[in-house]
Amino acid sequence: MGEILRAENISKTYQAGRVVVKALNRCSFSVERGEFVAVVGRSGSGKSTLLRILASFDKPDEGKVYVEGEEISGLKGKKLAQFRQEKIGFIYQDYSLFPEYTAYENVLLPLKIAHQAVDKEQLERLFEELGITDCRERYPDEMSGGQKQRVAVARALITSPQLVLADEPSGALDSHAADALMQLFEEINQEGQTILMVTHSTKAASHAKRVLFIKDGEVFHQLYRGNMNNEELYAKISDTLTMLTT
Ligand code: ADP
Ligand code: MG
């Protein structure tokens with residue numbers, strides 16, 4: 001096993017005009033290889049900020065991020081690009097698809113950039129499991145939010161990254177599509193990929209093996225699934241959220 005990701009005392013402050021927002025406040029936790037971790041917190045609790053810093057899209061004011069023991073804030077230029085390409089699949093909260101490319105082209109882009117061959121079977125299977133086969137030739141503005149979100153998931157998974165970082169990946173999905181996505185996450189996790197997902201959805205989080213609770217930019221509590229099934233974990237997360245916010 002071993003540790004794949006570690007956040008150490010991450011702080012991040014935003015300044016919008018005169019207003020200063022402490023988005024992350026000495027946030028620390030680690031993720032073992034093979035885990036499926038959900039980070040749960042309300043809107044504005046710092047989830048997206050945290051995920052962007054973990055993927056090194058953004059720099060923390062203070063603190064360090066380690067991936068496989070290597071401090072990623074030390075990486076620059078080509079090494080940084082290579083690190084993202086090889087290790088991380090990132091699912092953006094706002095999808096971030098390229099409008100001038102079809103769904104297919106968007107999903108194939110990471111392979112192209114990494115000069116990797118396309119596994120046609122894997123590609124078709126991903127589209128099928130995500131229920132977006134009809135969207136293959138469509139451009140982003142010809143798709144619904146939920147369809148775009150699933151295309152963004154396919155794009156993050158096409159390179160079979162060791163570490164999947166997902167920002168509210170079911171945020172635009174109906175309950176059926178959300179369940180299918182979480183089942184896909186469970187599958188790829190069973191096959192060895194590590195998943196860190198941030199979400200405000202208790203339902204989505206109930207598919208994880210461990211749940212971290214974030215509030216005011218800080219991870220302050222966690223739950224392990226243990227022997228609980230999804231329904232039991234769902235109830236436990238709900239109870240915990242109620243207890244912690246009252
Ligand atoms: P979450 O994803 O949990 O909703 P975010 O990480 O997006 O939370 O935001 C955490 C806090 O930081 C919020 O108060 C948000 O308004 C603020 N924030 C996020 N990004 C910026 C930014 N670029 N400029 C100013 N404030 C920001
Ligand atoms: Mg967010």
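The values are calculated or read from the model by the stated rules, or taken from the named source; none is laboratory data. Source: prediction; values computed, not measured. So basically every Cβ, Gly included, is an ideal-geometry build from the backbone, and we count neighbours across all protein chains shown. The protein model used for the area step is the full one, side chains on, heavy atoms only, and it has no ligands, DNA or RNA in it. Shrake-Rupley method; radii C 1.70, N 1.55, O 1.52, S 1.80 Å.
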About its Cα centre, what dipole magnitude does segment 1-150 give when the only charges are +1 on Lys and Arg Cβ and -1 on Asp and Glu Cβ, stated in debye to the nearest 20? 740
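Evaluate the relative contact order of segment 20-75 (contact order divided by residue number), counting alpha-carbon pairs under 8 angstrom at least 6 apart; express in whole percent.
Working: 28 pairs, mean separation 14.5, N = 56.
Relative contact order for segment 20-75 comes out at 26 percent.
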Counting each pair of different Cα atoms once, what's the Kirkwood radius of the chain in Å, rounded to one decimal? 18.5
Determine the order of 228, 243 by accessible area, beginning with the largest, at a probe radius of 1.4 Å. 243, 228
Toy charge model, Lys and Arg Cβ at +1, Asp and Glu Cβ at -1: segment 88-246 dipole around Cα centroid in debye, rounded to 20, equals 380
In segment 101-185, which GluC sites (Glu not before Pro) are in a loop and have at most 14 other Cβ atoms within 10 Å, using DSSP for the loop call? 137
On the protein heavy atoms, probe 1.4 angstrom, tell me the percent of accessible surface of segment 119-202 carried by carbon and sulfur. 39
Rounded to the nearest whole Å², what accessible area per residue is found for the chain with the 1.4 Å probe? 50
Sequence gap at least 6, Cα distance under 8 Å: using those rules, report the relative contact order of segment 105-246 to the nearest whole percent. 18
Computed accessible area, residue 61, all protein chains, 1.4 angstrom probe, square angstrom: 90
The distance between the Cα centres of segment 80-120 and segment 19-51, in whole Å, is 24
Accessible area, 1.4 Å probe, largest first: how do 207, 200 sort? 200, 207
Low-density loop cleavage sites - trypsin sites (Lys or Arg not before Pro) in segment 68-98, where at most 14 other Cβ are within 10 Å (DSSP): 76
Relative contact order computed over segment 86-149 (Cα-Cα under 8 Å; 6+ residues apart), in percent: 46
